[in-house]
1. Go through (1) modelled with pLDDT under 80; (2) at negative phi; (3) surrounded by fewer than 19 Cβ atoms within 10 Å (Cβ to Cβ) for B:Gly208 and report which single condition fails.
2. Condition first: in a loop (DSSP other than H, G, I, E, B) and at pLDDT 95 or above. Now tell me which residues in the range B:264-291 satisfy that.
3. With the requirement that a residue be in contact with a Phe, Trp or Tyr (Cβ under 9 Å, 6 or more places away or on another chain), of a type in the set (D, E, K, R) and more than 8 Å from chain B (Cβ to nearest Cβ), what does the range A:75-97 give you?
4. Take the conditions among the polar types (S, T, N, Q), surrounded by 17 or more Cβ atoms within 10 Å (Cβ to Cβ) and near DNA strand D (Cβ under 10 Å from one of its atoms) and apply them to A:Gln83. Does it pass?
5. Would you be able to say whether some residue in the range B:275-290 is of a type in the set (A, V, I, L, M, F, W, C) and open to solvent by 30 Å² or more (accessible area, probe 1.4 Å)?
6. Looking at the range A:101-114, I want the residues that are among the β-branched types (Val, Ile, Thr) and have a partner that is open to solvent by less than 40 Å² (accessible area, probe 1.4 Å) with Cβ atoms under 8 Å, at least 6 apart or on another chain. Which pairs are those?
7. In this structure, does A:Leu182 turn out to be open to solvent by less than 50 Å² (accessible area, probe 1.4 Å), farther than 26 Å from A:Arg97 by Cβ and free of Cβ contacts under 8 Å to residues at least 60 places away in the same chain?
8. Among the residues of the range B:161-174 satisfying the criterion of being among the hydrophobic types (A, V, I, L, M, F, W, C) and touching a Pro at 6+ places or on another chain (Cβ under 8 Å), which is least open to solvent (accessible area, probe 1.4 Å)?
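The values are calculated or read from the model by the stated rules, or taken from the named source; none is laboratory data. This is a predicted model, so every value here is computed, not measured. In this analysis, Cβ positions are derived from the backbone assuming ideal geometry, glycine residues included, and neighbour counts consider all displayed protein chains. Remember, those area values only see protein heavy atoms, side chains included, never the ligands or the DNA or RNA. Shrake-Rupley method; radii C 1.70, N 1.55, O 1.52, S 1.80 Å.
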Protein chains: 2
Amino acid sequence: MFKSLFSQKGLSLERMRGFLEMAEAGSIAGAAPGDVVRQSLISRQIRELEEFFSAELTIRKGKTLALAPEGVRLAAIIREQFQTLEDFRSVQVNVPRVFTLCAGASTLEWMVTPFLTDLARVLGGVQLRTEMRRSRPLVEAVREGSVDLGIVRRDAIPDPSRKNCEPIVELSFHLCVPKQLLPRKTTPDRLSDTAMWQDLPFAAGRDGGQLDGAIRDAMEQLGVSFRPRFECGSMLQVRSLVQQGGCAAILPNVALSGLDPNRVFSIPFRPLAGYGRTLVLHWNPRQMNRRDVSLDTLRDAAQVLAAAVPEAK
Amino acid sequence: MFKSLFSQKGLSLERMRGFLEMAEAGSIAGAAPGDVVRQSLISRQIRELEEFFSAELTIRKGKTLALAPEGVRLAAIIREQFQTLEDFRSVQVNVPRVFTLCAGASTLEWMVTPFLTDLARVLGGVQLRTEMRRSRPLVEAVREGSVDLGIVRRDAIPDPSRKNCEPIVELSFHLCVPKQLLPRKTTPDRLSDTAMWQDLPFAAGRDGGQLDGAIRDAMEQLGVSFRPRFECGSMLQVRSLVQQGGCAAILPNVALSGLDPNRVFSIPFRPLAGYGRTLVLHWNPRQMNRRDVSLDTLRDAAQVLAAAVPEAK
DNA sequence: AGTATTGCTGACTTTGTAGTCATGTTTAAA
DNA sequence: TTTAAACATGACTACAAAGTCAGCAATACT
């Protein structure tokens, strides 16, 4: 049984590991940054695997390597096998299994990080590892199995269904203004007057993402010259500025939970009403099945994340 | 990634192989018959795996070893992983993949062996390996993945469904008598008279299976003293004797295709009418899915086997 | 063109594991 | 109780693989 795997040399767990590391990193140098010794080792291990399988696993793509179609398949096989073995061992040693959760930068900040412990508990006491990725590579990573869970807009999933995702929240955006920046006795409804915005000191993100651009576009369409006084690398900093009373800002509903309504007015930001999308928890059904995570558990996890978002008023 | 698999020594493909061989054979000595050297090697490999996983994979059961529950799980994992790697390699090297087909002794003789080439073609040019096993271990082997396809009575499958089996044929039994053993101008319908049977020289199987016993019981109930002149180790030999005109015999419908109706009369053998069972092709849905065998292909395979059986008249 | 980065190759050393052997221990059966 | 079978263990050898190093070739960036 399985003679053909052993009658020939060139197959070993270490070689598979070297190849997988290259596959994950996208290049040999990326797999072992600053370690030329290991780079040369991986290079040879890949060649030996290619000889063993008589397959071109990699192709040169300019200066770096890329996976050939066969390489993509083998990498998926190896990843799954290693993970299965690791899970088996984790159960035996009574150590929590490792799950990877992936989302966009701001989503991780707003929704995930503050609730990691709850999430880990719902998933059965697992160890969670978070990663930042944009929508498209995120969905791809879930598909190929290198990521267990993703938080992503539903429309980024090619075939959204009850089997591979669960809604978390409907995104919406709000204009948030600290009271102290407004004339005394200003009521929240007066904030709808765009004329008032002109003089407000704004803070905005500078992450180059879609959201930031959409806000600027919307402001321009309203005829408001939007020149934020602060451009922050992280939206967490923006919220912090708003909370301290120094700035106004456009914030997503998932960020409102940290603001004191007695000190900060917030009203829906109409121009971005159509920009709202459904965020879903996304997973690979085969992988979750293999790792013994039930659909119910996944829906519970989505619930935990949903509970983190205050209801829109 | 997967650091825990490599930060500790004790895991290797060879060790997994040694363990799997023991698991398949049910004991170390069985895994390496007559090779005490390899036996001691396997013994140590198993211990090293047990240390690596901190798990009891085996338990002493009297003189031999048996798999502990954890060992059963790990063996299934390893078998699947090795098979996946072997399949991957087979596709690359353009060598047919190996599939294992399992059935009872007589079923293998009657239905499978003569049609192996057709079957291999329908399954996509695979290499077929046949194995003899009785119903219960067969179903178990399909479940754990050590066998791809089984031919078995439907009632031996715990949860028969469209997803894990497909009917092949309804078994029935026939009394077959060469013309030359009968008085001239005897018509087939006269064969219903059990008095005629008394003087016929019968051939019968001697495989100790259910079928043989059932025939003898039925004869006894009919008041016929059934003392076959020939007791053959294989039912193929029985059919051969009938074909040559030397003997009468009770044969299953799946054996009739080899008989010349002009030289041999055959009529349904009523006493065993209730003994007929549905034979099905049985498989493990997860395994067939992993090995890229579609349900359609499996149904085609069942068709091929069904076509081997002549219609009952 | 010059330079830095990336990957490939050949010649090593070191390490882990497979493989071998002799011998001990447990267990089942004669 | 004796015997034989099945498995375990310790001490080795042989070998394949991992790991190391120096140098080369191809590519991209400036």
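1. Of (1) modelled with pLDDT under 80; (2) at negative phi; (3) surrounded by fewer than 19 Cβ atoms within 10 Å (Cβ to Cβ), only one is false for B:Gly208: (2).
2. Pass one, the range B:264-291, residues in a loop (DSSP other than H, G, I, E, B): B:269, B:276-277, B:284, B:291.
Across the range B:264-291, the qualifying residues are B:Asn284, B:Arg291.
3. The answer is A:Arg79, and nothing else.
4. Numbers: among the polar types (S, T, N, Q): yes; surrounded by 17 or more Cβ atoms within 10 Å (Cβ to Cβ): yes; near DNA strand D (Cβ under 10 Å from one of its atoms): no.
No.
5. Our first condition is that a residue be of a type in the set (A, V, I, L, M, F, W, C); within the range B:275-290, this holds for B:279-281, B:283, B:288.
Cutting the leftovers down to open to solvent by 30 Å² or more (accessible area, probe 1.4 Å) gives us none.
For the range B:275-290, residues of a type in the set (A, V, I, L, M, F, W, C) and open to solvent by 30 Å² or more (accessible area, probe 1.4 Å): absent.
6. Qualifying pairs under 8 Å: A:Thr107/A:Ile151; A:Thr107/A:Val254; A:Thr107/A:Leu279; A:Val112/A:Leu101; A:Val112/A:Ala103; A:Val112/A:Leu119; A:Val112/A:Ile151; A:Val112/A:Leu305.
7. Values: open to solvent by less than 50 Å² (accessible area, probe 1.4 Å): yes; farther than 26 Å from A:Arg97 by Cβ: yes; free of Cβ contacts under 8 Å to residues at least 60 places away in the same chain: no.
So A:Leu182 does not fit the description; no.
8. Kept after step one, since they are among the hydrophobic types (A, V, I, L, M, F, W, C), are these residues of the range B:161-174: B:165, B:168-169, B:171, B:173.
Checking the rest, the ones that are also touching a Pro at 6+ places or on another chain (Cβ under 8 Å) come to B:171, B:173.
Values: B:Leu171: 37, B:Phe173: 10 Å².
Filtering the range B:161-174 for residues that are among the hydrophobic types (A, V, I, L, M, F, W, C) and touching a Pro at 6+ places or on another chain (Cβ under 8 Å), the one least open to solvent (accessible area, probe 1.4 Å) comes out as B:Phe173.
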